[in-house]
1. Out of 155, 149, 194, I need the residue that is surrounded by fewer than 20 Cβ atoms within 10 Å (Cβ to Cβ), touching a Pro at 6+ places or on another chain (Cβ under 6 Å) and not assigned by TED's automatic domain parsing to the domain that holds residue 77. Which one?
2. Would you confirm whether any residue within segment 227-239 is assigned to a helix (DSSP H, G or I), within 19 Å of the chain's Cα centre (by Cα) and not aliphatic (A, V, I, L, M)?
3. Go through (1) under 16 Å from residue 75 (Cβ atoms); (2) surrounded by fewer than 13 Cβ atoms within 10 Å (Cβ to Cβ) and name the single condition residue 56 misses.
4. Kindly indicate the residue of segment 244-298 that is of a type in the set (Ser, Thr, Tyr) and either surrounded by 13 or more Cβ atoms within 10 Å (Cβ to Cβ) or part of a helix (DSSP H, G or I) (or both) and also farthest from the chain's Cα centre (by Cα) among those meeting that condition.
5. Does segment 9-43 hold any residues that are modelled with pLDDT under 95 and either touching a strand residue (DSSP E or B) at 6+ places or on another chain (Cβ under 9 Å) or assigned by TED's automatic domain parsing to the domain that holds residue 174 (or both), and which are they?
6. Quick one: is residue 63 surrounded by fewer than 22 Cβ atoms within 10 Å (Cβ to Cβ) and assigned by TED's automatic domain parsing to the domain that holds residue 109?
7. Residues of segment 4-51 being under 18 Å from residue 91 (Cα atoms), outside any strand (DSSP E or B) and either among the basic types (Lys, Arg) or more than 17 Å from the chain's Cα centre (by Cα) (or both), which ones?
Amino acid sequence: MPVIGFLNGQSPDGYRDRLRAFRQGLKDAGYTEGENVAIEYRWAEGQLDRLPALATDLVRRRTAVIVALGSPDLVSVAKASTTTIPVVFLVGEDPVRLGLVASLARPGGNMTGVNLFNNEITAKRLALLRELLPTAVRVAALVNPTNAAIAETTAKDLETAALAMGLQMQVQQAGTARDIDKAFATFARERTDALFVAGDPFFNGRRVQLAHLASHHRLPATYASRAYPEVGGLMSYGTDVTDAYRQSGIYAGRILKGAKPADLPVVQASKFELVINHQTARMLGIEVPATLLARADEVIE
């Protein structure tokens, strides 16, 4: 029975739906966990310095394919661990710019996967926030400095978009749960009008904390995935990550059947979704424009 190595920097908590989608993708490709394929899961539980050892362990177990779904740092660790075992990745930035593949159409080497376009839609997310809060002026952004590539690109794109919209943008860094608490204390002290939370695996793992603090401080916030509005966050716009996990499962299955990563084009995520938690909006005293509600893929009441 072939073995898939599954590498993730966070904890299993909150990944149930995504793992279900990944297994569905495998099933679509002809593989069912426990029947004709085994999966070895390795979770770093937020301790990213553990990733190299976890990746090395998967290589040592001679897995047929390694699936690395998350930050560029995570995928880089997988890339450094092997040049022969196929690797299926999922990243929010351009994998060519990150040096993961030679091109999107012909990846070359032993890697291929899915590009979420998280950074490419930064301006769109900010515009939706402005549409929801037309009187907002002071907007803060929360980025994770441990994912330097994502943080720097997000901050740069936000500053450009904010300038065009006439918004004052302040970028705050947070790489731990305590940093998040401190950041919100700063937002409250400086009377921030709205918050933009960057797409980041660490923030996804702290989504309950983020949504709770935003509600506690009555701070309207926008997030990168539907996982946040589902736990009380106000609004999200981004790639359908669950569907991206399904696509990753399909690619892992195709590789098990003999396909070469070098010949599998990087999948360009094309399914985006706008989710609004209407109950949270009412709690914050925000009247969501009817035009925005009409465009939403889901409105949580």
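The values are calculated or read from the model by the stated rules, or taken from the named source; none is laboratory data. Being a predicted model, the structure only gives us computed values, none of them experimental. Because the Cβ atoms are built from the backbone with ideal geometry, glycine has one as well, and the counts that use them run over all protein chains shown.
1. Checking each option against the conditions leaves just 149.
2. The answer is yes, given that some residue of segment 227-239 is assigned to a helix (DSSP H, G or I), within 19 Å of the chain's Cα centre (by Cα) and not aliphatic (A, V, I, L, M).
3. (2)
4. Quick first cut of segment 244-298, residues of a type in the set (Ser, Thr, Tyr) only: 245, 248, 251, 270, 280, 291.
Now narrow it down to the ones that are either surrounded by 13 or more Cβ atoms within 10 Å (Cβ to Cβ) or part of a helix (DSSP H, G or I) (or both): 245, 248, 251, 280, 291.
Values: 245: 11, 248: 14, 251: 19, 280: 22, 291: 27 Å.
Taking the candidates together, the pick is 291.
5. First pass over segment 9-43, keeping only residues modelled with pLDDT under 95: 9-18.
Within segment 9-43, 9, 10, 11, 12, 15, 18 meet the criteria.
6. Here the answer is no, as residue 63 does not meet what is asked.
7. 18, 25, 51 - these are the residues of segment 4-51 that are under 18 Å from residue 91 (Cα atoms), outside any strand (DSSP E or B) and either among the basic types (Lys, Arg) or more than 17 Å from the chain's Cα centre (by Cα) (or both).
Residue-by-condition table, conditions (1) hydroxyl-bearing (Ser, Thr, Tyr); (2) farther than 23 Å from residue 117 by Cα; (3) touching a Lys or Arg at 6+ places or on another chain (Cβ under 9 Å):
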position: 31; (1), (2), (3): yes, yes, yes
position: 47; (1), (2), (3): no, yes, no
position: 56; (1), (2), (3): yes, yes, no
position: 70; (1), (2), (3): no, no, no
